[in-house]
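Participant: I have a structure here, written as structure tokens, and I will follow up with some questions on it.
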Amino acid sequence: MIDTIIDKISSDIRISDDDYRVLEQSADLHTLGFLADTVRRRKHPERNVTYVIDRNINYTDICVSACKFCAFYKGPEDPTGFLLSFDEIGEKIKETQDLGGTQILLQGGLHPDLPLEYYEKMVRFMRDTGIHVHGFSPPEIHHFAEISSLPIKTVISRLMDAGLGSIPGGGAEILSDRVRSLTAPKKCNADEWLGVMTTAHEMGLRTTATMMFGHVETKDESLEHLRRVRKTQDQTGGFTAFIPCP
């Protein structure tokens, strides 16, 4: 069966869910790597590999989501929680630029007390340094929409006007609501995560996609995640990278 699947991939025929299950259960790492490289070379015959030098900045660890896998967050009542000042963010940006960096991956907790205007001001400050702002995962944008009582599209539009350049794929975990109810019940659900991404793509904003695997999900739930990301990419073409996080 693996030989049949290899022939399909070599012939540019998309694999099915059953094909995925066969590969997941029976294919060795070298075979999977060969097949992935076959697709990569077909899509990118120029054989160029690109990358960006960037830095993660977590602007706050104060968060109301309280995801069960997170060792980072502090509850709003915790006096040890932090919120970086713009001066502190500026220092981190300068350090990044001094080392040749061109991008900041900006993410933080779901802070209950900061209005959308605060984030717009933060992005404008960062934009004015000349850095590309790759910021605010779908749970953050969904949270901004809730606290401001605004549609997702309006929130994204305002952030883009402020200087947001792209959106990271954080907070996807596994795009299965059973898994999310166990690990992150207060975070946006799978449809809402994909809705933020689809809206961003339709507005011309590029994003990445992630998958945090190896915890409570089943193999079929991993497949569900990959299928939903692939379907969204078919519809929008807006994902520029896929980042699997064990």
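The values are calculated or read from the model by the stated rules, or taken from the named source; none is laboratory data. Only a predicted model underlies this, so the values are computations on that prediction, with no experimental measurement involved. Counting neighbours? That spans all protein chains shown, and the Cβs are built from the backbone with ideal geometry, glycine included. Please note that ligands, DNA and RNA were not included when accessible areas were found on the heavy atoms of the full protein model with its side chains. Shrake-Rupley method; radii C 1.70, N 1.55, O 1.52, S 1.80 Å.
Participant: With charges only on Cβ, +1 for K and R and -1 for D and E, what is the dipole size of segment 66-150 about its Cα centre, in debye, rounded to 20? Could the numbers behind the result be given before it?
Facilitator: Numbers: 7 positive and 13 negative charges, 47 e Å.
In total the dipole reaches around 220 debye.
Participant: Place +1 on the Cβ of every Lys and Arg and -1 on the Cβ of every Asp and Glu in the chain, take the dipole about the Cα centre, and give the residue among Pro79, Phe242, Phe125 whose Cα lies farthest towards its positive end.
Facilitator: Phe242
Participant: Something else: Could you give the nm distance between label points at Asp128 and Glu77, where each point is 7 Å from its Cα heading toward the beta carbon?
Facilitator: Distance between label points: 3.8 nm.
Participant: What list of whole percents do you get for P(r) of segment 66-160, with Cα-Cα distances grouped in 5 Å bins up to the one holding the largest distance?
Facilitator: 2, 11, 21, 23, 19, 16, 7, 1
Participant: Just to be sure I understand: with springs between alpha-carbon atoms less than 10 Å apart, which residue in Val49, Val133, Val22 has the highest mean-square fluctuation in the Gaussian network model of the chain?
Facilitator: Its mean-square fluctuation being the largest, the pick is Val49.
Participant: Also, quick follow-up: Taking the Cα atoms only, what angle lies between the long axis of helix 29-43 and the longest principal axis of the chain, rounded to 10 degrees?
Facilitator: 80
Participant: Now for a separate question. Over all directions, average the projected area of the Cα convex hull of segment 141-193 and note it in nm². Provide the component values of the computation, followed by the final result.
Facilitator: Numbers: hull surface 15.4 nm².
Reported value for the Cα convex hull: 3.9 nm².
Participant: Counting only protein heavy atoms, what percent of the accessible surface of the chain is carbon or sulfur at a 1.4 Å probe?
Facilitator: 53
Participant: Rounded to the nearest Å, what's the spacing between the alpha carbon centres of segment 193-240 and segment 111-156? Just the number, please.
Facilitator: 21
Participant: Every cysteine in the chain with no other Cys Cβ under 4.7 Å from its Cβ, please list them in numeric order.
Facilitator: For the chain, the answer is Cys63, Cys188, Cys245, because their Cβ atoms have no other cysteine Cβ under 4.7 Å.
Participant: Add +1 for every Lys or Arg and -1 for every Asp or Glu among the other residues with Cβ under 11 Å from the Cβ of Phe34, and state the total. Working shown, then result.
Facilitator: Working: positive: Arg40, Arg41; negative: Asp28, Asp37.
Charge balance near Phe34 sits at 0.
Participant: Let me ask something additional. Quick one: compute the contact order of the chain, relative version, from alpha carbon pairs under 8 angstrom and 6+ residues apart, as a percent.
Facilitator: Values: 350 pairs, mean separation 37.3, N = 246.
Reported as a whole number, the value is 15 percent.
Participant: Taking a 1.4 Å probe, which of Asp220, Asp17, Asp87 shows the most accessible area, and what order do the others take after it? Intermediate results must be reported in sequence, preceding the final value.
Facilitator: Working: Asp220 85, Asp17 45, Asp87 115 Å².
So the residues, ranked largest to smallest area, are Asp87, Asp220, Asp17.
Participant: With N denoting the number of residues in the chain, provide Rg(C-alpha) divided by 2.2 N^0.38 Å, to two decimal places.
Facilitator: On the way: Rg = 19.5 Å, N = 246, 2.2 N^0.38 = 17.8 Å.
Normalised Rg, Cα atoms only: 1.09.
Participant: Quick one: angle between helix 116-127 and the longest Cα principal axis of the chain, in degrees between 0 and 90, rounded to 10, please.
Facilitator: It is inclined by approximately 80 degrees.
Participant: So which of Lys187/Lys231; Lys68/Lys121; Lys43/Lys68; Lys68/Lys219 end up more than 28 Å apart, counting from Cα to Cα? All intermediate terms of the calculation are to be shown ahead of the outcome.
Facilitator: Details: Lys187/Lys231 22 Å; Lys68/Lys121 31 Å; Lys43/Lys68 38 Å; Lys68/Lys219 21 Å.
From the list (Lys187/Lys231; Lys68/Lys121; Lys43/Lys68; Lys68/Lys219), the Cα-Cα distance tops 28 Å for Lys68/Lys121; Lys43/Lys68.
Participant: OK, next. Where does the Debye-calculated log10 I(q)/I(0) of segment 108-162 sit at q = 0.15, 0.20, 0.23 Å⁻¹, using only Cα point scatterers of equal weight, no solvent?
Facilitator: For segment 108-162, the Cα-only Debye profile gives -0.38, -0.67, -0.88.
Participant: Let me ask another. Relative contact order, percent, of segment 199-245 when contacts are C-alpha pairs under 8 Å separated by at least 6 residues? Please list the in-between numbers first.
Facilitator: Details: 41 pairs, mean separation 29.0, N = 47.
62 percent.
Participant: Largest first, how would Thr129, Thr240, Thr208 line up by accessible area (1.4 Å probe)? Each step should come with its number before you reach the end.
Facilitator: Working: Thr129 50, Thr240 95, Thr208 15 Å².
Heavy-atom accessible area, descending, gives Thr240, Thr129, Thr208.
Participant: Averaging sequence separations of C-alpha pairs under 8 Å and six or more residues apart, then dividing by the length of segment 139-246, give the relative contact order as a whole percent. Present the calculation step by step, with values, prior to reporting the outcome.
Facilitator: Details: 129 pairs, mean separation 32.8, N = 108.
Contact order relative to length: 30 percent.
Participant: Is the C-alpha gyration tensor of segment 1-63 telling us rounded, prolate or oblate? Criteria: a/c under 1.5 is rounded; beyond that, a/b larger than b/c is prolate, otherwise oblate. Write out the running numbers ahead of the final one.
Facilitator: Values: a/c = 3.18, a/b = 1.70, b/c = 1.87.
It comes out oblate by the Cα gyration axes.
Participant: Further question on the same structure: For the chain, what is the accessible area per residue in Å², given a 1.4 Å probe and the full set of protein chains?
Facilitator: Details: 13020 Å² over 246 residues.
Computed with neighbouring chains in place, this is 53 Å² per residue.
Participant: Give the longest segment of the chain that steers clear of trypsin sites (Lys or Arg not before Pro) in DSSP loops with at most 11 neighbouring Cβ atoms within 10 Å, not counting the sites themselves.
Facilitator: Values: sites that count: Arg14, Arg47, Lys68.
The segment 69-246 is the longest one with no such site.
Participant: Can you tell me the dipole magnitude for segment 13-94 around its Cα centre, using point charges on the Cβ only (Lys, Arg +1; Asp, Glu -1), in Debye to the nearest 20? Mind dumping the intermediate values first?
Facilitator: Values: 12 positive and 14 negative charges, 92 e Å.
With Lys and Arg at +1 and Asp and Glu at -1, about 440 debye.
Participant: Something else: Counting only GluC sites (Glu not before Pro) that are in a DSSP loop and have at most 15 other C-beta atoms within 10 Å, tell me the longest site-free stretch of the chain.
Facilitator: Answer - 78-246.
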